[in-house]
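Each remark here refers to the structure printed beneath this line.
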Amino acid sequence: MKILLAVASLIPILPLVPEVLGSASGEPAYLHAAPMPDFGAAREEAVRFLSDYLRIDTVNPPGNETRGAQYLQSILAREGIPSEIFELVPGRGNLVARLNGNGAKKPVLIMGHIDEVGVEKEKWTVDPVGGLVRDGFLYGRGATDDKSHGVAGLETLLLLHRLKIPLDRDVIFMAEAGEESSYQVGIDYMVERHWDKIAAEFALAEGGGMSEQDGAVKQVLVTATEKLSRNMKVVAHGVSAHGSVPRADNPLLKLSAALLKLAAWPAPMRLNEVTRAYFSRLATISPPEEAFLYTHLNDPAVVEKIRSRDPRLDALLRTTITPTIEQGGFRDNTIPATAEATLMVRPLPDEDVPALMQRMREVIDDPAVELIPAWGSRPAAPPSRLNTEMFLALERVQKRLFPQAITLPAMATGTSDSAQLRAKGVQAYGFGSFGSYGAHGNDERISVQGLGALVEFLYNGVVEIAAAK
């Protein structure tokens, strides 16, 4: 493995912007008992680490996450921090490192997955595995999803170790495999076979984010729950025949009709503890017209207005059904016997999925059309609570670092490895930064300042919850 630290060290680093990264004022008294990190230097180091990390191709499939785990392990080893790599399948490793506390409280787990989704290389303007810094952004597949979180966790561990911060809790760092599609080699394997290595009271992982305006962070989103992923298939049956004679039972027509019916049927709106808090807090920082909508979600007319103008917010209010793949036919002169479509179904966390499927069949209302589960995904689990020591600590950190901002509890419409942790009773929260673009898309990148903010927010959150008081 070729580590290009020397090259990366020549990259110019933008100065910290106080309005964005906040100040040290208002820190808890116990923080003054220990030396504070130089977050400018930490950001420079994180840029070098992430640039090198992005040059390691861990696209899943096939993954090859062990190569990424070994890179992180080499950095930890140089600092004298022991770590282990666990593999269910050769080459698909999960890294775990731990800083020991005094045992007064249960551990906190910080994590970031190693694997990445594939790329359409010809549509990128830069090399997806080049780790290039340009115009204040660090480019590469995984820059936002999710090697930046891995580097933030790594840097946090290094800072705690170097500054010899006394800890009431063990701080565990995990860089896991298989998050994008093959959980059995990653979080499932670690939960089922190596739970003793990662068991924790709290976890911090991907999922949240920040928004900034005029050089200041305005919103800090912390995800406390996420939707389920329960893909389904719609299969239409008919009679294979010559295409010169149109037939009413043509499976392609029946499939199209079924999809249109599902598209016209919005699943019922339902709030949970997290989304209720999200809209309530969002109303306090929104213009009057928008605030009215967010505080009147019991009004069907309001809900319909949101549905018609903001698909992103609408997806937080209900289970969503999206056709993503259609297949049918094999010759231009032949009516096929079957046609099918894949539906990405994202149920609300407490959705009764069998009852949902029955309702969808009633909406389709055609005995020649089947609705069948395609595959399941993450386990269902209750949302992480909003009154825990961890969530309240993150709110305090937000107020200290970004005094012009507000913390918004959020529900992710995507899924993550936090689901398996919540199913084990861990209170897991997703965090993120500003300046992140292109996740799962082209020219994926994170701003240098955003990466610095990610490190600073995570470090302060971990110290707030784990440092000896």
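Bear in mind these aren't lab numbers, they're just calculated from the coordinates by the rules spelled out. Source: prediction; values computed, not measured. FYI the Cβ positions are ideal-geometry reconstructions off the backbone, even for glycines, and counts take in every protein chain you see.
Within a straight-line Cα-Cα reach of under 21 Å, Lys261 can be paired with the following lysines, leaving aside sequence neighbours fewer than 8 residues apart in one chain: Lys233, Lys305.
Within the chain, which complete DSSP H helices have Cα atoms spanning at least 15 Å along the helix axis and a mean Kyte-Doolittle hydropathy of -1.0 or higher?
Details: long enough: 39-54 (22 Å, 0.05); 65-78 (20 Å, -0.50); 147-162 (22 Å, 0.27); 251-264 (20 Å, 1.41); 273-284 (17 Å, -0.13); 353-364 (16 Å, 0.39); 389-401 (18 Å, -0.10); 448-466 (27 Å, 1.19).
Helices meeting the criterion: 39-54, 65-78, 147-162, 251-264, 273-284, 353-364, 389-401, 448-466.
So, with +1 on the Cβ of K and R and -1 on the Cβ of D and E, and no other charges, what is the size of the charge dipole of the chain about its Cα centre, to the nearest 20 debye? Walk me through the numbers on the way to the answer.
Details: 48 positive and 58 negative charges, 89 e Å.
Computed charge dipole of the chain: roughly 420 debye.
From most to least packed by mean Cβ count within 10 Å, the peptides 430-443, 234-247 give 430-443, 234-247.
Quick one: Cα convex hull volume of the range 43-119, Å³ per residue? Mind dumping the intermediate values first?
Working: hull volume 9.3 nm³, N = 77.
It comes to 121 Å³ per residue, whole-number rounded.
Packing, taken as the mean count of other beta carbons within 10 Å per residue, orders the peptides 55-65, 36-46, 218-228 from highest to lowest as 218-228, 55-65, 36-46.
Contact order normalised by length for the chain, with contacts defined as Cα pairs under 8 Å and 6 or more residues apart; what percent is it? Each step should come with its number before you reach the end.
Working: 972 pairs, mean separation 113.4, N = 469.
Answer for the chain is 24 percent.
Taking each pair of distinct Cα atoms in the range 284-338 once, what is the resulting Kirkwood hydrodynamic radius in Å?
Values: mean 1/r = 0.0691 Å⁻¹.
It works out to 14.5 Å.
Temperature 37 °C, viscosity 0.692 mPa s: under these conditions the Stokes-Einstein estimate for the range 84-130, based on its Kirkwood radius over C-alpha pairs, is 224 µm² per second.
Compute the Rg/Rh shape ratio of the chain: radius of gyration over Kirkwood radius, all on alpha-carbon atoms.
Values: Rg = 23.9 Å, Rh = 23.7 Å.
Ratio of gyration radius to Kirkwood radius for the chain: 1.01.
Amide H contacts for Phe434 (H built 1.01 Å from N in the peptide plane; partners 5 or more residues away or on another chain; cut-off under 5 Å): Met210.
Beyond 20 Å in Cα-Cα separation lie the following of the pairs Lys147/Lys469; Lys105/Lys399; Lys399/Lys424; Lys123/Lys227; Lys227/Lys424; Lys197/Lys227: Lys147/Lys469; Lys105/Lys399; Lys399/Lys424; Lys123/Lys227; Lys197/Lys227. Below 18 Å, Cα to Cα, which lysines can Lys121 reach? Residues fewer than 8 away in the same chain don't count. Candidates past the 8-residue exclusion: nothing left.
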